[in-house]
1. In the stretch B:172-242, which chymotrypsin sites (Phe, Trp or Tyr not before Pro) fall in coil by DSSP and have 15 or fewer other Cβ atoms within 10 Å?
2. Mind telling me which of A:D60, A:D277, A:D47 comes out most flexible in a GNM of chain A, alpha-carbon contacts under 10 Å?
3. Is chain A best put as rounded, prolate or oblate by its Cα gyration tensor, with a ≥ b ≥ c the root eigenvalues, rounded for a/c under 1.5, and otherwise prolate when a/b is larger than b/c, oblate when not?
4. Please label the shape of the protein assembly as shown as rounded, prolate or oblate, based on the square roots a ≥ b ≥ c of the eigenvalues of the alpha-carbon gyration tensor (a/c under 1.5 means rounded; beyond that, a/b larger than b/c means prolate, else oblate).
5. May I ask you to derive the relative contact order of chain A, considering only C-alpha pairs under 8 Å and at least 6 residues apart, and to give it as an integer percent?
6. With charges only on Cβ, +1 for K and R and -1 for D and E, what is the dipole size of the stretch A:89-310 about its Cα centre, in debye, rounded to 20?
7. Taking Cα atoms, how many degrees apart are the long axis of helix A:265-274 and the longest axis of chain A, rounded to 10 and kept between 0 and 90?
8. Hey, which aspartates and glutamates would be in cross-link range of A:K72, C-alpha to C-alpha under 19 Å, not counting anything within fewer than 8 residues on its own chain?
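Where a number appears in this text, it was derived from the coordinates with a stated rule and is not lab data. Every value quoted in this text rests on a predicted model; they were computed, and no experiment measured them. Please note: Cβ atoms are built from the backbone with ideal geometry, for glycine as well, and neighbour counts cover all protein chains shown.
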Amino acid sequence: MPSLSYLVARLLQIIPTFLLVMIFIFLLVRLLPGDPAIAMAEAKATDAQLEQIRHNLGLDQPLPVQFLVFVKNTLTGELGRSIMLKAPVTEIILARLPTTIFLALYSVVLAIFLAGPLAFLAASRVNTPVDVAIRGVFQLGLSMPVFYIGLLLLTVLAAQLRWFPVGGYGKTFLANLYHLILPALSVALYTSAIILRNLRASLIEVLDADYVQFARAKGLSPRIIMTRHVLRNALVSTVTLLGLSIGNLMSGTLVTETVFAIPGVGRLMLEAIFARDYPLIQGLTLTFAVLVSVVFLLTDVVQSWLDPRLRQS
Amino acid sequence: MTALTQSHSPTRGRIAAFLARAFSRPSFVVGVVILGLSLSLALFPQVFAPYDPLAFDLQAIQQRPSLAHPFGTDNFGRDVLSRVIWAYRVDMQMAFFATIFALLIGITVGAFVGYYGGIADVIFGRCVDAIITFPFLVLVIAIVAVLGPGLVNMYVAITAVNWVYYARLTRAEIMAQKANDYAAAGLVLGYSDRRIIFRHLLPNAISPILVYWMTDMALAILLGSSLGYLGLGAQPPAAEWGVLIAEGRNFLMTAWWMSLMPGIAIVLTGLGFSLVGDALADLLRPKGR
């Protein structure tokens, strides 16, 4: 296990990054052209009403004061009220977040099950027709936007063949697995294309490495070589890659949630944008940033657990 | 004059040799052919499109793909193939404008912090950390949300995020090049920093950046069409692949070709950019790295 001091140091690293994230989100809504008060108000609002909205949002205070208030509110989980849904932003987001996290995890698992075996197959038969075919298919996957993959699956598997539901969200865990399979698959196909490419390369490298050849020469069984040497090393690069592509994954879920009408935070973000619901946009942007940095953190921890060399630096 | 021609001919020879190696790769040739075709379609859609992309034909609403309409017709009887061809103009522009400013800004900033280091580099590092903490699409649509939907605002939003990736790459390359003897030689000869950066370091650091630009143009098309699909990029009635796909979304059961045909163009063009990008990356990779 990674040492405690490593974990603490890694946690402390987040603070300056997060301060910048907060400054960015703060400025995003305030400094760009357009008055949020006007955007939020009814079309025929009077000047006094606009003044009131500005006051409620604290927009009549100097910027540094506004920022401190914003930081304090954010840290206490007080993200304001949504204009569109007329409820606290924190509550709305927390209610929708599990769906998105479920979808994201589901996609990751599917992606690993898709890319893992195929990468092994391709790496153990480098430059054979099998390898070329696998790479070709996944190259194609990389050139497809997630929403298009989603629509293809929707048209063929749901609308034409009627194997899967067209959209929606289940009540139980199993129902969720069934309802979300197509959306998860659309994200997974894209993600697995990224994983496969790198996993294949790192497998080829590991299979060719001195210590693996040595293990073979020693007469270790192929299974032990596979599990103890090859898999463990290939896992490090896969974990890193999965961690780094969390942004892609989140972007992907945002799009699929829209395509399949799934009530998660991604679709909420789009609804908030079209409704010009600034508090909600701000809260959601922050949520995504928190999600990504938590995953970055977990990636580092898992990585240092898998690869002791990384602990020293 | 003689010095000039002399210094030119080895370069030209190297470029010719490089192109010869590149064109001996089937994937590069396929990529170049796809991109060449895409560019011709973008420049002269009126030559290739069989119909007027905006003309309603109420006699031919939602017709299946046929010889007369290879990609079928939409809910207003417009020829889908012609609309897809006209959309090349918008989408190829997207690939260029969504990346070129990020490239220029990123190279300038990256070269600067990579060369001077110090406090600027520390601040830059933190900014990069903060920006990559957002999912790319989320950050872009958050900026589009504030600026308002539309193509130009989309370019601004993508550039605002994307330059970081170019800057990070340029910084790393410049720092690697700076460690070489020739950079020190430039200093000893008393060349200005600007001359060393732009005449000596950058030309040696540029090839991975240009390779990344290729793949990034493919990403820009994916991103731009996604934003178009979501209603935040190009606005209807403009023909853009994402917009076309969105227009067909409600007719998946009755007229699947409306949505699925424009996607072929996205996949093909993306494939063209990545094939060329991958081949270049392979060819330019220094041996033994």
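1. Listed in order of number, the matching sites are B:Y191.
2. A:D47
3. oblate
4. rounded
5. On the way: 300 pairs, mean separation 81.4, N = 313.
That works out to 26 percent.
6. 560
7. Once rounded, one gets 40 degrees.
8. Excluding near neighbours in sequence, the set is A:D60, A:E91.
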